[in-house]
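The structure's right below; bear with me while I get my questions together.
Taken together, the values in this text are just the output of simple stated rules run on the coordinates, not laboratory data. Keep in mind the model is a prediction, meaning the values are calculated, not measured. Cβ placement follows ideal geometry from the backbone for every residue including glycine, while neighbour counts extend to all protein chains displayed.
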Amino acid sequence: AASFKPSRTVVLVGLMGSGKSSVGRKLAHRLALPFRDADIEIEHAAGLSIPEIFATHGEAYFRDGERRVIARLLDEPVHILATGGGAFMDGRTRAAIAAKGISIWLRVELDELVRRTARRHHRPLLNQGEPRQILAGLMELRYPVYAGADIIVDGGAGDVDEMVDRVLAAL
Ligand code: S3P
């Protein structure tokens with residue numbers, strides 16, 4: 001059991017495929033803290049899957065729900081929180097995380113993101129064209145913003161345990 005406990009909720013940010021959910025789950029286990037995944041909480045709140053939310057209500061509706069869900073989670077006791085890749089792009093969400101959490105960007109290069117996202121098909125943003133091109137465009141828009149996270153960790157090299165080790169070393 002880990003003796004170290006972060007004093008604030010640890011919020012994982014980064015692009016789709018950066019490992020937020022898998023690293024977050026294992027990090028929570030190692031720290032004996034609860035794990036929350038904002039995408040799953042949104043799905044529960046809406047009673048719909050993320051692709052269904054996008055298809056039925058549109059992205060703006062999803063973003064609104066995402067912001068409210070994360071605000072609510074940040075008011076819960078200290079835990080490990082994985083966010084969807086777009087969450088940190090919302091200025092109000094960034095302000096809430098800055099006030100109540102510790103943000104960690106799992107930084108991963110394009111080739112690796114393409115590899116990791118190829119296996120799964122539940123991401124509406126990647127179904128709108130050529131995944132590599134979409135991810136490259138999102139990197140350009142988002143990496144300058146993700147760079148404002150409190151801590152930046154290399155999420156590209158090694159297995160999940162090694163990534164968790166790097167996060168723990170950085171905390
Ligand atoms: C999104 C990422 C997804 C999910 C939604 C939109 C994004 O989460 O929130 O499909 O805008 O990057 P993951 O980063 O967990 O795949």
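Please work out the Cα center distance from region 122-160 to region 1-34, rounded to the nearest Å.
Measuring centre to centre over Cα atoms gives 18 Å.
Just want the ordering: Ile134, Ile97, from fewest to most Cβ atoms lying within 10 Å of their own Cβ.
If I rank by nearby Cβ atoms, fewest first, I get Ile134, Ile97.
If I take all pairs of Cα atoms in the chain, what percentage of them are more than 22 Å from each other?
On the way: 5866 of 14535 pairs.
Value for the chain: 40 percent of Cα pairs lie more than 22 Å apart.
Just want the ordering: Thr56, Thr83, from fewest to most Cβ atoms lying within 10 Å of their own Cβ.
Going from least to most buried by this count: Thr56, Thr83.
Would you list Ser21, Ser103, Ser7, Ser49 from fewest to most Cβ contacts within 10 Å?
Ser7, Ser49, Ser21, Ser103
Within region 4-45, list the residues whose amide N lies under 18 Å from a label point set 7 Å along Cα→Cβ of Asp161.
Taking a point 7 Å out along Cα→Cβ of Asp161, the residues of region 4-45 whose backbone N falls under 18 Å are 22-32.
Another question, if that's okay. Between Ala71 and Gln133, what's the calculated FRET efficiency when r is the beta-carbon distance and R0 is 25 Å? Round to 0.05.
0.15
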